[in-house]
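The values are calculated or read from the model by the stated rules, or taken from the named source; none is laboratory data. Computed from a prediction, not measured in an experiment: that's the story for all the values here. Positions of Cβ are backbone-derived with ideal geometry, glycine not excepted, and every protein chain shown enters the neighbour counts.
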Amino acid sequence: MLPLPSPFMSLAMAEAEAAAARGEVPVGAVLVEAATGKVIAAAGNEVEASGDATAHAEMLVLRRAAAVRDGARLAGCDLYVTLEPCPMCAAAIALARLRRVYFAAYDPKGGGVEHGPRIFDQKGCNHRPEIYGGIGEARGASLLRDFFRGKRDEKMPKF
């Protein structure tokens, strides 16, 4: 296990590991109040368990934090997530007005921040958080690789 530069990213990794143990794609997210360092919400993917395609870790922490803070705007909050947010999550992050996004693994196929549509660079995007990618990248990528390798192995015929 590789050391991570932030206890918040470590918590996000723990959420991703818990998601994997539940059979979910191992992505975890933690939302932190930047001024105090208080964790407002933490979650791992719940797509399979909930039957909800929008139950990504990022979406869950945004919803939970909005309920805790009694409002949709989460200015002054930072998101730590184990995988580059997809376009849906990136759009929600912009709408929530997050201060910073730290992510571990890059997602060339499904990412929406540094890859794909680059949501924060779009003309119609009204807010762009500071972005820091590659924080704990090796561990985040390893979780995903191991999970999907296991899924492929499950599908292979046993002789």
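In table form, for the structure just shown:
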item: Identity of the residue in region 121-159, within 24 Å of residue 14 (Cβ to Cβ) and assigned to a loop (DSSP other than H, G, I, E, B), that ends up farthest from the chain's Cα centre (by Cα); result: 129
item: Residue check for residue 125: farther than 22 Å from residue 144 by Cβ and either among the acidic types (Asp, Glu) or free of Cβ contacts under 8 Å to residues at least 40 places away in the same chain (or both); result: yes
item: Residue list for region 52-79, filter: without any contact (Cβ under 8 Å) to a residue 12 or more places away in the chain and either β-branched (Val, Ile, Thr) or more than 28 Å from residue 22 (Cα to Cα) (or both); result: 70, 71
item: Matching option when the condition is modelled with pLDDT under 95 and among the hydrophobic types (A, V, I, L, M, F, W, C), among 2, 83, 31; result: 2
